[in-house]
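The values are calculated or read from the model by the stated rules, or taken from the named source; none is laboratory data. Computed from a predicted model, the values in this text were never measured in an experiment. Note: ideal-geometry Cβ built from the backbone for every residue, glycine included; neighbour counts use all protein chains shown. Only protein heavy atoms, including side chains, enter the accessible area calculation; ligands, DNA and RNA are left aside. Shrake-Rupley method; radii C 1.70, N 1.55, O 1.52, S 1.80 Å.
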Amino acid sequence: MLKIHKGFNVLLYRKYKAQAKKVNNIIQKLQNAHPHKISDDIFLKNLLSHKSKLTRVAAAYFILSKYIHKSLFDVQITAVLAMLDGYFVDVKTGEGKTLIIGAYCLVVKKPVHVFTVNDYLAEEAIRQLGDMYQAFDLSFGVLTSQNLGEDFDMQKDIIYGTAASFAFQYIMQRFNRNLDYQLHIAVVDEADYVLIDNATSAFSVGVDDDSLIQYKHLDLVEFIEKIQNIFSKAVFLELNYDEVQAWANLENSLTNTIFINQALKFIDFSQDIQDKIIDLSKNGCLSPSEALAFMYGVANACYVYQKNIDYIVAEDDILLVDKHNGRTLPNSKHDIYLQLALLVKESCIKPSQTQTIGKIANQVYFLKYKEVIGLSGSLLPVQEELSKIFKTGVVAVPQNKTPVINKTYHFTKNKNDLLLQIVSRNINEKKASLIICKNDKDATNVSRFLSERGYENVLFNNTTATVSENTIISGAGESKKITISTLLFGRGTDIIPDDSTVLSVIIYEVFGCKRAEIQISGRTGRQGRAGDVHIFVSEDDEIFQYVDCKTKSKLNKNNYVSIIRRAISNIYGTNAQIRERSTYFAYYIDLIYEYYYQHIKDTTYDNWFLTQIDSLEQISFNLANKEESSRLIMKEAKKIIDTIQYYAMNHKGGIPCQI
């Protein structure tokens with residue numbers, strides 16, 4: 001399959017490269033025939049309305065030259081042409097994706113939502129391109145966490161924002177029954193991160209309402225302590241990779257046992273422990289499914305999720321850390337049971353009393369658009385999955401200037417000693433060092449280690465950042481500078497070294513994703529410059545927990561690279577299955593939301609409906625068979641809607657709580 005995709009990519013690139021050559025010919029002819037008109041807005045507006053796609057792209061070339069003072073490279077023109085035909089484009093870091101997207105928005109003639117990975121990048125794009133859009137009568141806006149709400153005009157021609165901001169706006173307007181815009185085209189920057197890595201993330205919106213405290217009948221702390229007491233008397237059995245993979249088919253008669261693999265985020269329980277939790281719930285007025293959900297939430301909080309690795313504590317709240325880009329997700333929560341258990345574990349204040357009024361899975365939201373395209377420097381490893389979901393392909397374009405990057409893997413028993421050697425050599429050679437760690441905890445430890453040995457460094461992570469991110473990024477390319485971070489600096493950051501300085505990237509531990517390595521390596525060697533990348537590997541790295549025991553036992557300095565590839569393949573396969581299953585059920589849950597808000601206009605029944613939806617979501621967790629689960633979900637959903645319609649038709653008012 002990989003060879004088929006690679007051959008198809010070559011054919012597509014040749015097609016659009018040939019079209020780009022024709023665009024350049026048009027540009028040359030226009031420059032020769034109309035040297036004074038190519039900077040005239042009226043002339044360029046006429047070109048933008050031309051029926052030929054190639055002529056419109058040529059117009060975009062002149063418009064960007066006039067307003068941004070930058071001309072499109074051939075590879076950028078190639079990317080725009082591929083996007084206009086509905087393809088994703090693999091374009092490497094530093095190749096000017098902002099300009100590519102700007103040119104596309106000028107030419108496409110349809111409303112466009114542009115998705116960025118954070119508010120800053122959305123605002124920066126509009127700062128660069130806003131005057132250009134305005135000059136050509138395109139209405140535009142930036143949707144950020146600061147301006148969400150009913151007053152934002154979602155019918156603008158071009159809107160930039162994060163996926164969370166767009167989803168919030170959609171959920172709110174759907175809930176209020178005033179959805180007044182259509183979802184035409186989504187252009188996604190860092191498309192593999194947004195559409196694949198975050199496929200299972202769910203966007204939810206909650207409103208304050210003291211009357212809707214789902215667990216007001218529970219003494220939360222006391223209930224969780226009772227669960228912990230049951231766990232404290234249990235035996236913990238550590239499973240290896242093979243056992244986790246075969247878990248569904250394993251038979252055991254063990255009692256009072258908790259089965260766990262922390263690296264794989266796996267935990268399960270013997271049947272007698274589950275029975276005890278259900279018995280415990282009866283006094284707390286919980287359903288069996290809610291009790292078991294709390295059981296998993298408390299177990300994960302206590303034994304699987306780690307502070308400053310999986311989450312951080314900030315201002316008496318739990319913030320999830322996105323493992324794919326190292327950033328906290330202040331607007332995202334774990335499932336309610338895990339979230340509550342983490343809050344109690346960290347002795348945080350009682351969570352705000354909110355009612356979720358709607359949610360939508362990330363991938364389900366994007367599937368509502370008529371067309372989804374995007375760019376990234378690491379799309380090729382996930383092109384098959386993207387093609388399957390969004391029914392289109394990936395066009396890979398080469399870099400404008402080939403970088404000169406020296407990449408070296410180091411298999412070592414002592415990473416810190418090796419780190420000192422490389423950092424010392426970098427300083428002697430007047431190189432800048434960028435050290436990327438897997439999590440906030442490791443980054444803090446590495447920074448402390450270097451500081452104690454006299455190597456001044458700048459640390460930027462979620463727990464210790466005191467200087468603005470932009471300030472640190474702007475200084476990270478200075479000669480002899482040592483900067484330490486996580487995947488915070490692994491994607492979407494532009495580190496520009498001084499003219500004579502080489503940026504040396506050090507990956508302190510292998511990530512479980514090839515695309516992470518591609519993105520981190522892309523911090524150096526931009527636009528043909530030299531750079532080097534060092535990747536540290538040791539036999540106790542977490543990555544090796546994702547291979548079978550036989551393979552792991554043979555690990556040595558001669559085969560570790562191939563074993564890493566196998567582990568990454570295993571991780572990707574497992575995550576792909578999780579994404580497929582999660583999105584499958586999320587689609588059905590969203591169908592229910594859509595039907596309810598479209599057909600039930602009386603808000604009297606909203607509270608009861610939302611409570612019932614929470615119980616429906618548990619079905620997908622409790623049944624292994626997808627088809628059986630989906631049928632049951634829709635069957636129960638019909639009962640909910642029928643009940644609401646019965647009470648509405650008979651003017652019976654609100655629905656009694658006991659129903």
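Values for this structure:
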| read-out | value |
| --- | --- |
| Per residue convex hull volume, Cα atoms of the chain, in Å³ | 175 Å³ |
| Rel. contact order, % - alpha carbon contacts under 8 angstrom, at least six apart, the range 337-477 | 11 percent |
| Given charges at beta-carbon only (K, R positive; D, E negative), |dipole| of the chain in Debye | 3020 debye |
| Charged-residue dipole, Cβ positions (Lys, Arg, Asp, Glu), the range 454-515 about Cα centre, Debye nearest 20 | 280 debye |
| Cα-based convex hull, the range 454-579, per residue volume (Å³, whole number) | 157 Å³ |
| Percent carbon-and-sulfur accessible area, the range 1-92, ignoring ligands, DNA and RNA, probe 1.4 Å | 58 percent |
| Burial order of peptide ranges 409-420, 69-80 (average beta-carbon count within 10 Å, highest first) | 69-80, 409-420 |
| Percent of alpha-carbon pairs separated by more than 12 Å within the range 52-102 | 62 percent |
| Per-peptide average of other Cβ atoms within 10 Å, ordering 92-98, 56-62, 446-452 highest first | 56-62, 92-98, 446-452 |
| Listed residues F411, T444, F489: farthest to the positive end of the dipole of the range 365-514 (Cβ charges) | F411 |
| Solvent-accessible area per residue for the chain (1.4 angstrom probe, square angstrom) | 46 Å² |
| Sparse-neighbourhood loop sites, chymotrypsin sites (Phe, Trp or Tyr not before Pro) in the range 549-638 - DSSP loop, at most 14 other Cβ within 10 angstrom | none |
| Lys/Arg +1, Asp/Glu -1 at C-beta; the chain dipole; positive extreme among V23, L375, T603 | V23 |
| Distance in nm between pseudo-label sites at Q228 and R581 (7 Å out along the Cβ direction from Cα) | 3.0 nm |
| Solution diffusion estimate, µm²/s, Stokes-Einstein, the range 41-143, Kirkwood Rh from C-alpha pairs, 10 °C, viscosity 1.306 mPa s | 114 µm²/s |
| Cα centroid of the range 25-98 to Cα centroid of the range 435-454, whole Å | 45 Å |
| For the range 461-555, size of Cβ-based charge dipole, Lys and Arg +1, Asp and Glu -1, in debye | 240 debye |
| Whole-percent carbon and sulfur share, accessible surface of the range 453-575, 1.4 Å | 48 percent |
| With 5 Å bins from 0: P(r) over the range 341-436, alpha-carbon pairs, percent | 2, 7, 10, 10, 8, 8, 11, 14, 14, 11, 5, 0 |
